[in-house]
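No value in this document is a laboratory result; all are computed from the given coordinates. Everything numeric here is computed off the predicted structure, so don't read it as measured data.
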Amino acid sequence: MGFSSGTVFLVDVDDTLFDNDRFESDLKTFLEERFGTKGRDRYIEIFEELRAEVGYADFLGATQRFRIDQEQSMQTMSLAFFLRDYPFHSNLYPNAFEVLNHLDALGTTLILSDGDAFFQPHKIDRSGIRNAVKDRIRIYVHKEKMLAQIQEEFPASHYCMIDDKIRILSSMKQAWKDRLTTVFVRQGHYARNSAITARYPDPDLAIDQIGDLLRQQKFPFGKIDFTT
């Protein structure tokens, strides 16, 4: 077992701290420039097929399949270099680091993300998030199914999940009930899809951008005092 904390803040990455929609837009632009619209569309098709199979965004897996699809053209190496060298730090939302520092002063901050075993850690490292949370990072295929493991490793009297996907917030709330405060960040295309958000109960708190947490004095129900 790890350590005890009054509150553990579980913070998502994509479209919560990091503008993943912008990254995907840049990737599509790169693909079109190097492989044309047909190649771009083929990569996206492969990517979506793989996401349906594995349950998360697997850019490297899609790149491997794309290489085979392109008859092992050496041109696909440029895509590997794009993914390796992308300036991830430039895609952080305003005040992302300030929010992480603020939460760390109130409890324990843990990055909790879905993703593959290499590219997602690479993104978190290159963006500076890894250093900001002192390596407190957990990446799973489906994080909402790993609550028992999280609770054992990071025991706390209360948890707070900050995420742009209301489906995940709702699933975790159903499991942890009043032990969890849910914060819905309305950033990214998932959060702005009203048809999706309408399917789930309201979160404990909804904010328009991650930086709004710096101006939040207290979470609902008085569970977490933001004043320091």
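Can you compute the equivalent ellipsoid semi-axes for the stretch 1-119, i.e. the square root of 5 times each eigenvalue of the Cα gyration tensor, sorted largest first and rounded to whole Å? Could you put the intermediate results ahead of the total?
Numbers: eigenvalues 231, 51, 24 Å².
They are 34, 16, 11 Å, listed from largest to smallest.
Any idea what the relative contact order of the stretch 27-88 is, in percent, if you count C-alpha pairs under 8 Å spaced at least 6 apart? Can you show the working numbers first?
Values: 34 pairs, mean separation 13.4, N = 62.
Reported relative contact order: 22 percent.
Would you mind pulling out the separation of the Cα centroids of the stretch 72-132 and the stretch 141-174, in Å?
If you average the Cα positions of each part, the centres end up 20 Å apart.
Over the C-alpha atoms of the stretch 21-88, what are the Rg and the largest Cα-to-Cα span, Dmax, in Å?
For the stretch 21-88, the Cα-based Rg and Dmax read 11.2, 30 Å.
What Kirkwood hydrodynamic radius, in Å, does the chain give when the mean of 1/r is taken over all pairs of distinct Cα atoms and then inverted?
Averaging 1/r across every pair of different Cα atoms and inverting gives 18.6 Å.
Under the 0.36 nm per residue contour assumption, what length would be gained going from the current alpha-carbon distance of ARG186 and ARG84 to full extension?
Values: separation 102, 0.36 × 102 = 36.72 nm, distance 2.83 nm.
Residue separation times 0.36 nm, minus the Cα-Cα distance, leaves 33.9 nm.
When averaged across all projection directions, what area in nm² does the alpha-carbon convex hull of the stretch 69-167 cover?
If I average the Cα hull's projected area over directions, I get 8.4 nm².
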